[in-house]
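Below is one structure, written out as structure tokens; the observations come after it.
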Amino acid sequence: MSDHDRSRPTELLARLLGPPAPELTCDECFEHLDRYVELELAGHDADAAVPGMRAHLEGCPACKEDHESLTAFVGSEPR
């Protein structure tokens, strides 16, 4: 059994149980996503500024995709 196969049950269990800390809802994520991405790209501690965002992004594929798209878009803009 490979290391990937052994970690898969742990990963699945973590997704089923959810994050150990509070997380945002999708509506709250959408409300704060612009600021969160701007803080990340500026090198600031976005997780401290928007508590619960990282946990939500790790557990919500739709919001994670929005985060990745916005990060790519804002990161490609000339400053």
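Before moving on, here are some points about what is shown:
- The one condition in (1) modelled with pLDDT of 95 or more; (2) under 13 Å from the mean Cα position of the chain (by Cα) that Leu57 fails to fulfil: (1)
- Pairs are defined by a Cβ separation below 8 Å, a sequence spacing of at least 6 or placement on different chains, a first member in segment 56-78 that is more than 14 Å from Tyr36 (Cβ to Cβ), and a second member that is of a type outside the set (A, V, I, L, M, F, W, C) and modelled with pLDDT under 95; the pairs so defined are Gly59/Arg15; Gly59/Gly18; Gly59/Pro19; Gly59/Glu23.
- Hits in segment 34-53 - residues which are open to solvent by less than 80 Å² (accessible area, probe 1.4 Å) and assigned to a helix (DSSP H, G or I): Tyr36, Val37, Leu39, Glu40, Leu41, Ala46, Asp47, Ala48, Ala49, Met53
- Residue check for Pro9: modelled with pLDDT under 95, open to solvent by 70 Å² or more (accessible area, probe 1.4 Å) and not in a helix (DSSP H, G or I): no
The values are calculated or read from the model by the stated rules, or taken from the named source; none is laboratory data. A quick note: this is a predicted structure, and the numbers were derived from the prediction, not measured. Backbone-built Cβ (ideal geometry, glycine too); neighbour counts: all protein chains shown. Ligands, DNA and RNA are stripped out before the accessible areas are found, and what is left, the full protein with its side chains, is counted by its heavy atoms. Shrake-Rupley method; radii C 1.70, N 1.55, O 1.52, S 1.80 Å.
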